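Colleague: Right, I'll just put the structure down here and ask away after.
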Amino acid sequence: MAKALRWLLALVMLVGAVGAGVGSATAAPAAGEQAEAGQAAAEPDIKDRILAIPGMSFVEEKPYEGYRFLVLTYTQPIDHRHPSKGTFEQRFTLLHRSTDRPTVFFTSGYNVNTSPRRSEPTQIVDGNQVSLEYRFFTPSRPQPADWSKLDIWQAAADQHRLYRALKPVYAKRWLATGGSKGGMTATYYRRFYPGDMDATVAYVAPNDVVNQEDSAYDRFFASVGTAECRTKLNAVQREALVRREEIVARYRQWADDEGQTFAVVGSADKAYENVVLDLVWAFWQYHLVSDCADVPAPTASTDELYAFIDDISGFAAYTDQGLETYTPYYYQAGTELGSPVFDTPHLDGLLRYPGIYTPRSYVPREIPMRFRPNAMRDIDGWVRHDARRMLFVYGQNDPWGAERFRLGKGSRDSYVYTVAGGNHGSNIAQLAAEEKARATAAVQRWAGARPTAKPLAPYDARLDRRDVEREPALRP
């Protein structure tokens, strides 16, 4: 669960970054952009305007041609229902283009990236971007941490309050976006504060309406890719458990050498079972059918098998050190978001720890958790009946898309698109040509720009780079 879930942080941070086929890579703005940047330079200093807002603090500025990029913090209530009961500093970044451009409100649902980056909607509308760190991801964590204040409503209230603080400066239209957990976050924000954003673009966002009903994942794994590839992956996953003793010994030695521990999960053997359970999920989350050629045979050497498991699942995912960063995610998965469970009949007789593959296993026991089953049902019902100007993008071969948001009779000017053969990195640029044009034009129209069916800003190799880091499997 940790690996499909762990890859997500960096991927989601840049889930909108478009591929090189959209335009020629350039680190400098075009001539027209330079003119607009000059116009922006004539405005009152944006840093001064932002820091004049009560609660704003400056962390650092990183230069980028054609933009101002600021790292800041904003003072937020720990509990928006009771603001007098303490505050914390929530980190965010501002990629400033011009106050006469639309603004995109981005969140990964995890830590914020403190290097200049641009989501796909930001490129499409050539706008500003505000990127907010999700509450309880360090350093944006109240001290002491009252974990009962980590829920989707409190996080939406964080976005609402920051939006209201910045709206007088950025008065043009606003769009919310994010990928995976960030796409979920953008959707939840719109549900609780439907009047804030003019539109929402959510990428590869899971929608686990009924946590105990996960048959969609079984149907997905029975049909994804090709039969040959599914057979190869199942065989190597089974072999990984057949050779458990030998590989766990290596795993334990690696952990000792690296100073990694297993107190939360319980032991190296328990951690290894989780790593192996991630294997097939993580492969489809971040790889393509063409990568099936790289799956080793079950007769491969232990060295080759060990390397493959580490590459796909990641042995660091279930150590205490690997889990610590993502404790807020696992807490939310075990209290509101839900988490996937899927059948593995090919592993019968080889699994030792029934029920271990669950968020409760990854959160320190001193943090209490109680699942609230109505939260996701509420969100799902709102999308079906009240969605306005929302666009969802999924990948055909992404496990997280097995349970996705669907529009209903009450939805208006909203769309769901699927990238053929796509994985968890799917975006608008990867859609079929006609769908890509329609989706791009819709985003521009929602932002108040003249629809062109092409991004308004040229591709920038640095700003639009997708920094793919390995993240665990049961993390979107």
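Colleague: For the chain, state the semi-axes of the equivalent ellipsoid (square roots of 5 times the eigenvalues of the alpha-carbon gyration tensor), sorted largest first and rounded to whole angstrom.
Modeller: Details: eigenvalues 271, 125, 92 Å².
The equivalent ellipsoid of the chain has semi-axes of 37, 25, 21 Å.
Colleague: For region 429-466 and region 239-311, what is the separation of their Cα centres, given in Å?
Modeller: 39
Colleague: Tell me, what % of the accessible area of the chain is carbon and sulfur with a 1.4 angstrom probe?
Modeller: On the way: 8950 of 17780 Å².
Ligands and nucleic acids excluded, carbon and sulfur reach 50 percent.
Colleague: Could you provide, to the nearest whole Å², the per residue accessible area of region 134-266 with probe 1.4 Å?
Modeller: On the way: 5110 Å² over 133 residues.
Here the per-residue accessible area is 38 Å².
Colleague: Please give the solvent-accessible surface of TRP382 in Å², to the nearest 10, using a probe radius of 1.4 Å with every protein chain present.
Modeller: Here the accessible area works out near 30 Å².
Colleague: On a 0 to 90° scale, report how tilted helix 31-41 is relative to the longest principal axis of the chain, with both axes built from alpha carbons and the result rounded to the nearest 10.
Modeller: Taking Cα atoms only, the helix is inclined about 70 degrees.
Colleague: Something else about it: Under a 5 Å amide H to amide H cut-off, with H placed in plane at 1.01 Å, what residues pair with VAL59 once short-range neighbours are removed?
Modeller: Amide H neighbours of VAL59: VAL71, LEU72, THR73.
Colleague: Just the projected area, averaged over all directions, of the convex hull on the alpha carbon atoms of region 78-119: how many nm²? Spell out each step's value before the answer.
Modeller: Numbers: hull surface 17.8 nm².
The directionally averaged projection comes out at 4.4 nm².
Colleague: Something else now. Going highest first, how would you order 451-460, 432-441 by mean Cβ packing within 10 Å? Intermediate results must be reported in sequence, preceding the final value.
Modeller: On the way: 451-460: 18.5, 432-441: 16.3.
Ranked from most to least packed, the peptides come out as 451-460, 432-441.
Colleague: How large is the accessible surface of ASP303 in square angstrom, using a 1.4 angstrom probe and rounding to the nearest 10?
Modeller: 100
Colleague: Give me the tail of P(r) for region 372-467 as a percent: Cα-Cα pairs with distance above 22 Å.
Modeller: Numbers: 1807 of 4560 pairs.
The answer is 40 percent, as a whole percent.
Colleague: Which of the chymotrypsin sites (Phe, Trp or Tyr not before Pro) found in region 49-112 are loop residues per DSSP with 16 or fewer other Cβ atoms within 10 Å of their Cβ? Walk me through the numbers before you get to the answer.
Modeller: Details: sites: PHE58, TYR64, TYR67, PHE69, TYR74, PHE88, PHE92, PHE105, PHE106, TYR110; in loops: TYR110.
Filter output for region 49-112: empty list.
Colleague: Considering the zone a paramagnetic label at ALA165 would reach in this model (a point 7 Å from Cα along the Cα-to-Cβ line), which residues of region 83-114 have amide N under 14 Å from it?
Modeller: 87-94, by backbone N distance to the label point.
Colleague: Any idea how far apart ARG450 and ASP256 come out in nm if each label point goes 7 Å out from Cα toward Cβ?
Modeller: 7.0
Colleague: Run the quick spin-label model on ASN374 and LEU407: label points 7 Å from Cα toward the beta carbon, then report their separation in nm to one decimal.
Modeller: 2.9
Colleague: Let me ask something additional. Translational diffusion coefficient, Stokes-Einstein: compute it for region 196-274 using the Kirkwood radius over C-alpha pairs as Rh, at 37 °C and 0.692 mPa s, and state it as an integer in µm² s⁻¹. Before the final figure, lay out each step's value.
Modeller: On the way: Rh = 16.6 Å.
This corresponds to a translational diffusion coefficient of 198 µm²/s.
Colleague: How would GLU403, GLU60, GLU366, GLU245 rank on accessible area, largest to smallest, probe 1.4 Å?
Modeller: On the way: GLU403 20, GLU60 70, GLU366 145, GLU245 115 Å².
Largest accessible area first, the residues go GLU366, GLU245, GLU60, GLU403.
The values are calculated or read from the model by the stated rules, or taken from the named source; none is laboratory data. Just so it is clear, the structure is predicted and the values come from calculations on it, not from any experiment. Reconstructed Cβ throughout: ideal geometry from the backbone, glycine too, with neighbour counts over all protein chains shown. Areas reflect the complete protein model, heavy atoms only, side chains present, ligands, DNA and RNA absent. Shrake-Rupley method; radii C 1.70, N 1.55, O 1.52, S 1.80 Å.
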